[in-house]
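Since the structure comes first, as structure tokens, the remarks are kept for the end.
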Amino acid sequence: MKQIRILPLLLLLAFTARAQQTPLSPTTKLPAHPRLLWPKGEEATLKKTLAADPALAKLHAAILAESDRLLTVPPLERKQIGRRLLSVSREALRREMFLGYAYRMTGQAAYRSRAELELRTVAGFSDWNPTHFLDVAEMTMAVALGYDWLYSDLSPAVRAELREAMVKKGLQPSLDDRYNSWLAATHNWNQVCNAGMAFGALAIHEDQPELASSLVNRAVTTVVKAMGDYAPDGAYPEGYGYWGYGTSFNVLLISALEKALGSDFGLSQQPGFLKTAGFMVHMAGPSGDAFNYSDSGVGGGLQPAMFWFAQRLKQPSLLYTERQRLLSEDPQRYVGNRILPTALLWAGDMRLAEAKPPALTWTGGGKNPVAMMRTSWTDPAAIFVGLKAGSPSVNHAHLDVGSFVMEADGVRWAMDFGMQEYNSLESKGVKLWGKEQDSERWRVFRYRNQVHNTLTVNDSLQRVDGYAAITGFSKKPEFMSATTDLTQMYGNALAKANRGVAIVDGNHVVVRDELQGGDREATVTWTLLTPATVRIVNGNTAELTKDGKKLLLQVAEPASVTLKTGSTQGPNEYDAPNPGTTLLTFNVPVPARATAALTVRLLPEKAAGKTPKAVPALANWPR
């Protein structure tokens, strides 16, 4: 690396740090190692916590069992998949987190020896793949954590070896403008990369004070660009899966700053950030599956960052989903989570038994507004609905504005495909990350509005530059509802498009669309993507069956439609298969400048035989 590219930025950062009186200076005296997340001496406190909470003790036992398994696996190798080394970096972080935790809690030398072996192995890699800087960030965090947690048991020669690797393969590349565009990003790259660099800097501060100070100060200054996405209510634009990534690393950064420097320098007070825990606790349905819009997977999982939020806010209800997972499932299923031990480090004096059910509804604005509602937290057969508004222009977004998911009787009747594995597309030459209207991204079958639970007009794509706000929301038990204005998503094809989704009388769901035609007649397609077996009963009624349960879909308006089922196999050779799924659709013509209303009822078995209420116009829905 050319020194000429590094020195000007170092000087600029040093000047900025002095001018803004940013958190860390070369002369700041940091606590002794270990100081990252889990300072020396806190093991005893954690042991008391585990003794008082059987659910957390079970999680601790699962971490130790996985650490035992890690003693027998081959050391990591530098195996790059496509343009990413990320899977190796993530596994390095997981191994250091687990083995370091096991060593500090038990004192067993085998854990320390294996953690050191992994540290020296990755330190010996030729590089950490700076062209995809997430790889560097997570590897730097892994080495910094292992270096810090094992510091007193590492020889001076090994410490020097690890410091050199962190500086040359992690920290210095972050100063090269070929690799650090993430500094200006407003998405998870900013959070993850700043956290990784800050961990490395805090680990080596006494040996490289100028470099370390500049990078910590840079992280505090620039991570707020990404944190702006939480405003105003905490709805994370990138959805469930990337909340678990970006927000977790943001919390790792804040926690590391607080433990090492005694302050997070205002980061946790950024607008909407502390509210985002409320968003996340509502994002899993009664089945445990996530509301998986955008590039998110459906699989729900334990979220360690929620323990930090619950402790910070003194709100045990934020841990309700985590409590249910730990009580009903084997915690061994979560050991793939590379930061799992932090759940115990952040639990503090919070007891899972105190985690009572939160409210039944949640809504939040911002770049990707969402609304969630359910009939119960304790009934596994409860109805759950999530509605997504927002824009396809947001990072990791799909053409899914106006889409919803719906569960009842433990079945997800209205589903979302979520992401397709990135390398399966990139390896076929798909330019996956363009956001223009004609981007190749929108040719990927799973990403198009035609296969989401929303409206398609004239078989065209939604407008990438469009935006839909949540325009109304009701918490009333007899009519929990949310409405959104989708007009911008369809350009001039429709003059107006509004959608409302409601849980009515606690026993069924209504989806209502109110449309006004544009200058020409338009054909509007209403779509439901489902994993159920579908039987068309008549033109406006279909019976869905799955796992021994049934749901009726009834089109109440217009009176005469033709329900159809369609394939979910994409047209491109690179499209992933989607077995066991069906598209259920109907088309409605909307004449020029005319109005039309579409009303669809989703009736679980418990609503059978009950006469549903007439559905009012959206203007009369409660707010």
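Just a few scattered comments:
- Selection of first residues in the range 438-455 that are free of Cβ contacts under 8 Å to residues at least 12 places away in the same chain and more than 29 Å from Leu553 (Cβ to Cβ) and of second residues that are of a type in the set (A, V, I, L, M, F, W, C) and part of a loop (DSSP other than H, G, I, E, B), restricted to Cβ pairs under 6 Å at least 6 apart or on distinct chains, gives the following pairs, ordered by first then second residue: Glu440/Val430; Arg441/Leu432.
- Residues of the range 414-458 classified as touching a Pro at 6+ places or on another chain (Cβ under 9 Å), among the hydrophobic types (A, V, I, L, M, F, W, C) and open to solvent by less than 10 Å² (accessible area, probe 1.4 Å), total: 1
- Exactly one residue out of Arg520, Arg512 is in contact with a helix residue (DSSP H, G or I) (Cβ under 9 Å, 6 or more places away or on another chain) and among the charged types (D, E, K, R), and it is Arg512.
- Of the criteria (1) touching a Leu at 6+ places or on another chain (Cβ under 8 Å); (2) crowded, with 17+ Cβ neighbours inside 10 Å, which one Ala165 fails: (1)
- Test: residue in the range 456-477 that is acidic (Asp, Glu) and out of contact with any Ser or Thr (no Cβ under 8 Å at 6 or more places or on another chain): no
- Restricting Ala559, Ala614, Ala619, Ala592 to residues that are in contact (Cβ under 8 Å) with a residue 24 or more places away in the chain, open to solvent by 20 Å² or more (accessible area, probe 1.4 Å) and of a type in the set (A, V, I, L, M) narrows the list to Ala592.
- Every condition in (1) part of a strand (DSSP E or B); (2) under 25 Å from Ala497 (Cβ atoms) is met by Ile536 except one, and the failing one is (2).
- Within the set Ala495, Ala482, Ala502, Ala469, the sole residue that is surrounded by fewer than 18 Cβ atoms within 10 Å (Cβ to Cβ) and touching a strand residue (DSSP E or B) at 6+ places or on another chain (Cβ under 8 Å) turns out to be Ala469.
- Residue match in the range 128-148 (condition: in a helix (DSSP H, G or I), farther than 18 Å from Leu93 by Cβ and not acidic (Asp, Glu)): no
- Pairs with Cβ under 6 Å, 6+ apart, first in the range 351-365 and at pLDDT 95 or above, second open to solvent by 60 Å² or more (accessible area, probe 1.4 Å): Thr361/Lys475; Gly365/Pro232
- Count of the range 515-538 residues which are without any contact (Cβ under 8 Å) to a residue 60 or more places away in the chain and surrounded by fewer than 14 Cβ atoms within 10 Å (Cβ to Cβ): 4
- Within the range 169-183, residues that are assigned to a helix (DSSP H, G or I) reach partners that are hydroxyl-bearing (Ser, Thr, Tyr) and surrounded by fewer than 22 Cβ atoms within 10 Å (Cβ to Cβ) with beta carbons closer than 7 Å, at six or more positions or on different chains, in the pairs Pro173/Tyr179; Leu183/Thr222.
- Among the residues examined, Thr523 does not qualify as touching a Lys or Arg at 6+ places or on another chain (Cβ under 8 Å) and among the hydroxyl-bearing types (Ser, Thr, Tyr).
- Which numbered condition Gly580 fails, given (1) closer than 21 Å to His452 by Cβ; (2) surrounded by 15 or more Cβ atoms within 10 Å (Cβ to Cβ); (3) small (Gly, Ala, Ser): (2)
- Qualifying residue in the range 239-259 (condition: assigned to a loop (DSSP other than H, G, I, E, B), small (Gly, Ala, Ser), crowded, with 23+ Cβ neighbours inside 10 Å and at pLDDT 95 or above): no
- Contacts under 8 angstrom Cβ, first residue in the range 414-431 being in a helix (DSSP H, G or I), partner of a type in the set (Lys, Arg), 6 or more apart: Asn423/Arg84; Glu426/Arg83
Conditions (1) open to solvent by 20 Å² or more (accessible area, probe 1.4 Å); (2) small (Gly, Ala, Ser); (3) out of contact with any Ser or Thr (no Cβ under 7 Å at 6 or more places or on another chain), marked per residue:
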| position | (1), (2), (3) |
| --- | --- |
| Ala57 | yes, yes, yes |
| Ala65 | yes, yes, yes |
| Ser87 | yes, yes, yes |
| Met97 | no, no, yes |
| Ala115 | no, yes, yes |
| Glu118 | no, no, yes |
| Asp127 | yes, no, yes |
| Ala137 | no, yes, yes |
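The values are calculated or read from the model by the stated rules, or taken from the named source; none is laboratory data. Treat the numbers as computed from the prediction; the structure is a model and nothing was measured. Note that we place each Cβ from the backbone using ideal geometry, even for glycine, and neighbour counts take in every protein chain shown. Heads up: the accessible areas ignore ligands, DNA and RNA and are worked out on the full protein's heavy atoms, side chains in. Shrake-Rupley method; radii C 1.70, N 1.55, O 1.52, S 1.80 Å.
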